[in-house]
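Where a number appears in this text, it was derived from the coordinates with a stated rule and is not lab data. Quick caveat, the model's predicted, so the values are computed rather than measured. No Cβ is skipped: glycine too gets one built from the backbone with ideal geometry, and neighbour counts run over all protein chains shown.
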Amino acid sequence: TAVWLGDPKAYIAAVLGGKTMAIWLIVGLWIVYLALTANLELSNLVLGLLIAIGLTLLLRPSPSKFEIRRLPVALGALGRYLLVVFSDVIKSGLVAARLVLDPALPVKPGIIAIPSDCDSELATALSAHSITLAPGEMVVEIGKDGTMYAHALDATRAAEYVEEAQELRRGLLRKIFR
């Protein structure tokens with residue numbers, strides 16, 4: 001863990017690990033910011049750069065060697081992951097609509113524990129985000145051991161489905177981030 005001792009360069013180098021990867025991350029985030037804002041005024045350029053540097057300091061990317069031969073596998077897994085998340089959102093939306101529109105209102109709300117078993121905090125956060133995107137489910141807490149606690153409109157149905165869905169997400173995230 002880096003400790004601030006008065007030398008900002010040493011602190012930033014300790015937090016960021018590898019300089020090259022941190023610089024590429026800053027540049028990438030800055031370009032994304034500028035593309036999203038579509039504003040090339042000097043004040044916006046500086047603000048975007050400060051945001052990119054701040055995010056890089058907060059994210060603390062782990063230095064890992066990028067292998068170009070892994071790119072097709074990672075991009076394929078990313079495409080499949082996005083399709084799975086999109087499919088989950090559509091399916092869950094239909095189920096939530098059916099539950100809410102049923103005159104008997106057959107909801108059985110509850111909190112379910114979902115073990116993330118992901119290799120990184122980023123993968124756990126993305127997994128929690130994909131669960132929260134689905135209507136009728138929302139991750140309310142992530143425990144220190146990585147267990148995600150999610151509120152579900154129908155906890156009995158969600159408990160059965162969640163293990164299979166989490167295993168699929170976990171496998172795809174491993175292919176993306178390894």
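Place a label point 7 angstrom from the Cα of Thr132 along the Cα-to-Cβ direction, then list the residues of segment 149-164 whose backbone nitrogen is under 18 Å away. Flagged as within label range: 149-153.
Please give the FRET efficiency for Ala97 paired with Leu122, using the beta carbon to beta carbon distance and R0 = 30 Å, rounded to the nearest 0.05.
On the way: r = 32 Å, r/R0 = 1.06.
That gives a FRET efficiency of 0.40.
Between the alpha-carbon centres of segment 96-140 and segment 148-178 there is a gap of 8 Å. In this label model, Val32 and Leu82 are separated by 1.3 nm, measuring between points 7 Å along each Cα→Cβ vector. Size estimate for segment 61-152 follows the Kirkwood approach: the inverse of mean 1/r over distinct Cα pairs works out to 15.2 Å.
All Cα-Cα separations within segment 78-125 were binned at 5 Å from zero, giving a P(r) of 4, 16, 12, 22, 19, 13, 9, 4, 1, each value a whole percent of the pairs. Across the alpha-carbon atoms of segment 21-111, the computed radius of gyration and Dmax are 20.8, 58 angstrom.
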